[in-house]
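As structure tokens, the structure follows; a few thoughts come after it.
The values are calculated or read from the model by the stated rules, or taken from the named source; none is laboratory data. This structure is a prediction, so every number in the text was calculated from the model and none was measured. Glycine gets a Cβ as well: all are built from the backbone with ideal geometry, and neighbour counts include every protein chain shown.
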Amino acid sequence: MKLFTLLLFLTLFCAAEPITLGSGDWQFEFKPNAIQLPREHAELVQDYHGIAVDKQGRVYVGYYTWKANKETRAVARFIYQPDQTPVFKFDKLLGNASWNKNRLHGLNIVTMPNGQERLLLVYNKQQVILSDLDGNTSVEYSFNITDKAFKKASDGHYSPKAKNIGVYDGYASNKLHEIKPEDGGMTGHSHGKKGKGYEETNTAHGMGVDPNGNYVVADRGNKRLVWRNPDFSPMASEKGPNQHVQLATPGLEVCNVQFKDDFAILPCLNSSLAFLKKSNSAECGYELDSSFKMPQELIKEGFDGIHDANFSIDNKYVIVAVWQRKRNIPPTLFALKKLGSESK
């Protein structure tokens with residue numbers, strides 16, 4: 001019944017007048033059916049969590065299922081075809097490394113020292129996986145580890161300027177732990193704790209890497225972004241002792257940050273999307289450019305718990321993952337098509 005309701009809703013939206021969201025440089029057409037899992041998998045999804053895009057433009061969607069089994073993988077891949085329907089065509093469910101009975105929370109694509117891309121998957125229950133783009137760990141620079149240091153991990157990333165991979169235990173200790181990229185071994189180094197002060201975060205939910213190779217943490221509980229150096233040390237502000245380089249996000253529960261060239265997108269749990277632009281006057285190098293909240297008619301239909309978002313490879317679309325905030329409404333994926341003659 002839930003799936004039928006969702007399909008009916010999507011059908012009505014396809015027949016209705018297009019919905020426009022945002023303003024200025026960040027104005028989009030709402031495309032509810034541009035990216036969808038096959039029905040037999042979509043009806044089992046409890047939460048959509050991660051959106052990643054590789055150098056070929058393929059889109060990876062991380063999710064968690066109600067009835068987990070070996071046929072309900074945790075990561076699905078889509079082919080981007082901007083001039084066709086659907087815009088994002090389902091390609092495949094990934095291999096053995098993407099299967100896990102635990103809850104997938106963090107999903108990023110990172111580039112290893114040999115230049116190859118890898119999927120970094122972070123599970124709430126103590127597990128971290130680094131695999132190739134087909135989900136296999138039987139290749140160089142790949143591993144599958146479970147470690148008690150991660151009580152409830154939230155996300156991880158790897159800067160091209162870093163020695164080690166960083167994984168946040170963001171729902172528990174708010175410590176960032178370092179992992180050896182060559183084999184997944186723990187280095188014993190950790191950083192931070194829970195709070196709102198220097199080197200502290202509150203529900204460190206997501207982690208991005210800016211164009212300079214610095215880590216940027218979505219400090220959701222403190223409604224801000226905080227910057228860390230490639231060695232994971234806090235980036236000290238010139239504004240005073242024991243202050244982060246940071247960017248306040250008033251009213252926005254930032255879940256993640258995805259950088260693309262001179263701008264970035266912030267998916268926010270409270271039904272919002274925000275965008276950053278480069279700023280020469282800001283210490284962090286960015287400032288809030290625009291934000292918008294999903295309209296009430298879409299919030300009522302469940303398009304509200306925005307958990308992650310990412311740009312298509314050509315910046316013409318934003319792909320959005322929705323966490324299930326309302327138990328009686330299934331979570332969903334949707335896309336936003338950027339309006340204007342040129343992509344930003």
Quick one: which residue in 91, 83 is surrounded by fewer than 20 Cβ atoms within 10 Å (Cβ to Cβ) and in a strand (DSSP E or B)? 91
When you check residue 69 against the structure, is it more than 18 Å from residue 325 (Cα to Cα) and at pLDDT below 85, yes or no? yes
Out of the residues in segment 175-186 that are of a type outside the set (Val, Ile, Thr) and assigned to a strand (DSSP E or B), which is farthest from residue 142 (Cα to Cα)? 175
Being surrounded by 20 or more Cβ atoms within 10 Å (Cβ to Cβ) and farther than 13 Å from residue 298 by Cα is the filter here, so list the residues in segment 23-32 that pass it. 26, 28
Return the residue satisfying two criteria in turn: it lies in segment 200-221 and is outside any strand (DSSP E or B), surrounded by fewer than 21 Cβ atoms within 10 Å (Cβ to Cβ) and on the phi < 0 side of the Ramachandran plot, and of such residues it is farthest from the chain's Cα centre (by Cα). 212
On the basis of being over 25 Å from residue 200 (Cβ atoms) and among the basic types (Lys, Arg), does residue 293 make the cut? yes
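In segment 227-242, how many residues are in a loop (DSSP other than H, G, I, E, B), buried (at least 16 other Cβ atoms within 10 Å of the Cβ) and more than 22 Å from the chain's Cα centre (by Cα)?
Keep residues of segment 227-242 that are in a loop (DSSP other than H, G, I, E, B), which gives 229-233, 235, 237-242.
Those left that are additionally buried (at least 16 other Cβ atoms within 10 Å of the Cβ): 229-230, 232, 235, 237.
So of that shortlist, the ones also more than 22 Å from the chain's Cα centre (by Cα) come out as 235, 237.
Here the count works out to 2.
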Subset of segment 245-260 [touching a Lys or Arg at 6+ places or on another chain (Cβ under 8 Å) and either modelled with pLDDT under 95 or assigned to a loop (DSSP other than H, G, I, E, B) (or both)]: 249, 250, 251, 252, 253, 255
Being under 25 Å from residue 279 (Cα atoms) and free of Cβ contacts under 8 Å to residues at least 24 places away in the same chain is the requirement here; does residue 212 meet it? no
Condition first: surrounded by fewer than 19 Cβ atoms within 10 Å (Cβ to Cβ) and hydroxyl-bearing (Ser, Thr, Tyr). Now tell me which residues in segment 109-126 satisfy that. 111
Identify, from the list 149, 162, 172, the residue that is part of a loop (DSSP other than H, G, I, E, B), modelled with pLDDT of 95 or more and more than 27 Å from residue 92 (Cα to Cα). 162
Check 129, 109 and return the single one that is touching a helix residue (DSSP H, G or I) at 6+ places or on another chain (Cβ under 9 Å), assigned to a strand (DSSP E or B) and in contact (Cβ under 8 Å) with a residue 24 or more places away in the chain. 129
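Of these, 285, 340, 305, which one is out of contact with any Cys (no Cβ under 6 Å at 6 or more places or on another chain) and either within 21 Å of residue 209 (Cβ to Cβ) or of a type in the set (A, V, I, L, M) (or both)?
From the options 285, 340, 305, the qualifying one is 285.
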Please determine whether any residue of segment 261-277 is at pLDDT 95 or above, crowded, with 18+ Cβ neighbours inside 10 Å, outside any strand (DSSP E or B) and not acidic (Asp, Glu). no
Step by step: first the residues of segment 133-146, then only those that are without any contact (Cβ under 8 Å) to a residue 24 or more places away in the chain and assigned to a loop (DSSP other than H, G, I, E, B), then the one that is surrounded by the fewest Cβ atoms within 10 Å (Cβ to Cβ). Which residue is that? 138
